[in-house]
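A.B. asks: Please find one structure pasted underneath; my questions will follow.
Rule-based calculations on the coordinates, nothing more; no lab input. What you see is a predicted model; the values in this text were computed from it and never measured.
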Amino acid sequence: MSADDDDLFLDDFNYRIPTSRDTAEPATDPSKYVEHLAQAWINERAAPDILQYERSAIDGLLAKIEEQTAIIDELDAGNDTSMIISILYQTELERVKFVLRSYLRTRISKIERFCEFILADPASKKRLSKAEVIYGENFLSSLPPSLQGQDDAIFDRKLSMISQPRLDEAVFCRIIEDIGDFQLDEDETVVLETGQIYIFRYKTVRMLLQRGQIELI
């Protein structure tokens, strides 16, 4: 995908800079948005299902992109110092765009792979942005009729043909908040403390990820 295609990719999703009426989020260091979204990207890649859309971080990064683009446009191209500053701003801007694009691509890949399941499952659909819901619906409608509505019975076992995330997959996770005793199953309990790294079945620690008590690696 070319740089021009990347810009089209962002434009197609109609993400917009929030106004003061759109968000109650306090001002945050832009670098924190980058760090947060970078981890969200890692979590998204490692988790088998679609995670919650990171609206605050996305809005914060879009504001940062707009701000830095305006600064670059105002610099004097004929001034050596301004040229150096422009290069530094552009380098940072590309880093921010890379994180944003990578995060969005990972989610779109999941939406395409599990499109029918995500749109039919209220909990999964709720985790999408409005733009992602529209994308999923358009993607599904573009498929050949033979690939739509595949929730057909196979033999007598009533197995669904819709592709679904495999929640029993193993994932590596890092504990980022002391949790204490955690019930793995009926017979096993483990003490989870900050900094520890484990490998668990995703469905076992799914709720901990949603609460922000762990991160995937």
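A.B. asks: Sequence-distant or interchain residues sharing an amide H contact under 5 Å with Leu192, placed H: which?
C.D. replies: Under 5 Å from the amide H of Leu192 lie the amide H atoms of Ile179, Gly180, Asp181, Phe182, each far enough along the sequence or on another chain.
A.B. asks: Jot down the per residue volume, in cubic angstrom and as a whole number, of the convex hull over the alpha-carbon atoms of segment 166-217. Display every interim value, and only then the final one.
C.D. replies: Values: hull volume 3.7 nm³, N = 52.
Considering the Cα atoms of segment 166-217, their hull volume per residue is 70 Å³.
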